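Have a look at the structure below, then the notes.
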Amino acid sequence: MPGTPPPPDDLTSLLLGWFTDHARDLPWRRERTPYRIWVAEVMLQQTRVETAIPYYEQFLARFPTLNALAAAPLEAVLKAWEGLGYYARARHLHAAARQVVERHAGCWPPTYDGLLALPEVGPYIAAAVASIAFGQPVVALDGNGCRVLARLFAVAGDPRRRPVRQELESLARSLLPPDRPGLFNEALIELGATVCLPRAPRCERCPLRDACQARRLGREADFPIRAPRRAAPLYDVAAAVVRRRDGRVLVARRALGDFLGGLWEFPGGKREEGESLEECLAREMREELGIEVEVGEHMLTLHHAYTHFRINLHVYRCAVRSGEPRCLECADFCWAAPAELDALPMSVADRRIAQWVQSGAIPAG
Ligand code: ADE
């Protein structure tokens with residue numbers, strides 16, 4: 001291995017050369033419009049490439065242009081996002097699309113600052129779109145890019161900490177070619193996603209291996225430092241299947257600002273300390289929808305893991321004892337025929353309850 005690392009220009013050309021030869025053929029790399037790039041970057045912020053591809057293709061078939069997205073109701077956008085998780089991304093995408101159409105006559109602000117000023121567009125998305133779509137010389141570092149740089153320069157510390165992140169960004173800037181910033185950003189991400197893997201890096205395939213300081217130290221696995229994961233707390237959540245005589249079931253739309261905001265659910269909520277699941281459900285139905293229910297048979301329990309917590313979702317058959325549902329702590333409610341549930345955007349856990357309802361497993365009455 002050579003003793004002195006190559007100068008930044010050489011590292012950059014090694015990386016770009018490698019990307020030119022090895023870039024995966026991905027749907028968002030075929031037709032480069034700001035809209036398509038933006039949708040891809042938003043999806044890819046929390047989702048792996050393989051998972052994102054079918055969603056991306058369906059999303060673009062459903063909303064082929066910025067105008068189509070801006071004109072669509074939020075509910076349709078959430079439906080297209082169903083199963084991808086992190087639903088705030090879909091709400092933010094929709095809000096930004098509307099703003100570009102309404103305040104910028106459908107033309108994207110072509111700069112990092114202009115993009116960052118759009119509602120709910122954060123620094124990563126602004127930098128990715130500015131560099132990839134508009135050739136602006138800004139670095140867009142995701143977790144993959146951070147890992148590559150942390151190893152290449154043996155940067156100690158957790159990239160989630162601000163000073164470490166700033167150091168990595170400054171290193172990226174020192175390599176960024178002003179004439180091809182988008183290519184560079186994507187190349188770094190690609191190298192992290194396909195070669196410089198978190199657990200078992202494929203150093204033999206890496207164009208930067210001779211310059212990699214972590215490799216030189218024989219400590220690839222030590223960079224970047226990862227904070228030990230805290231065990232995700234487990235909550236008990238109760239949900240109600242209230243079925244009317246005509247077979248319709250009661251579903252509520254979650255308040256927009258809440259977790260899973262805008263999605264439909266079988267109403268219910270988290271059990272509080274000292275409460276039984278039945279008491280919890282009766283309270284939630286009162287608070288959310290203003291009705292008193294008789295909590296009946298326990299139907300099923302589902303387990304679901306979100307990023308920062310896990311739930312046991314206990315589903316009960318319920319009957320309305322008094323009151324008419326009204327929205328107290330939800331955005332909307334309706335009595336849906338089982339077949340109509342498919343059209344409503346739901347989280348994965350509620351979709352499983354819906355499928356169970358549709359399977360005819362609840363006794364009539
Ligand atoms: N992750 C984030 N942006 C990406 C891109 N443009 N291609 C592949 N993976 C990505």
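Quick note: the coordinates plus some simple rules give every number you see, no bench work behind them. Predicted model, so just to flag it, every value in this text is computed and none were measured. All Cβ positions, glycine included, derive from the backbone under ideal geometry; neighbour counts span all protein chains shown.
Over the chain, what relative contact order in percent results from Cα pairs under 8 Å that are six or more residues apart? Relative contact order, the chain: 15 percent.
Placing R0 at 56 angstrom, the Cβ-Cβ distance between residue 235 and residue 205 gives a FRET efficiency of 0.85 after rounding to 0.05.
Of 318, 331, 347, whose Cα points farthest to the positive end of the dipole of the stretch 306-349 (charges on the beta-carbon: +1 Lys, Arg; -1 Asp, Glu; origin at the Cα centre)? About the Cα centre, the residue reaching furthest to the positive side is 318. Once both labels are positioned 7 Å from their Cα atoms along Cα-to-Cβ, the gap between residue 256 and residue 32 label points is 3.6 nm. Label separation (residue 71 vs residue 13): 4.9 nm, computed from points 7 Å beyond Cα along the C-beta direction.
Rounding to the nearest 10 and keeping the result within 0 to 90°, find how far the Cα-based axis of helix 123-134 lies from the longest principal axis of the chain. Tilt of helix 123-134: around 60 degrees.
In the chain, the DSSP beta bridges split such that about 70 percent are antiparallel, to the nearest 5. Taking 8 Å as the Cα distance limit and 6 or more residues as the minimum spacing, I'd like the relative contact order of the stretch 210-365 as a percentage. Computed value for the stretch 210-365: 28 percent relative contact order.
Once the GluC sites (Glu not before Pro) in DSSP loops with at most 11 neighbouring Cβ atoms within 10 Å are cut out of the chain, the longest remaining piece is 32-271. Between residue 307 and residue 58, the FRET efficiency estimated from the beta carbon spacing at R0 = 30 angstrom works out to 0.80. Does the stretch 257-365 come out rounded, prolate or oblate, given a ≥ b ≥ c as the square roots of the eigenvalues of its C-alpha gyration tensor, rounded meaning a/c under 1.5 and, failing that, prolate meaning a/b above b/c? Verdict is rounded for the stretch 257-365. Length available on full extension from residue 173 to residue 335: 0.36 nm per residue minus the Cα-Cα distance, which gives 52.8 nm.
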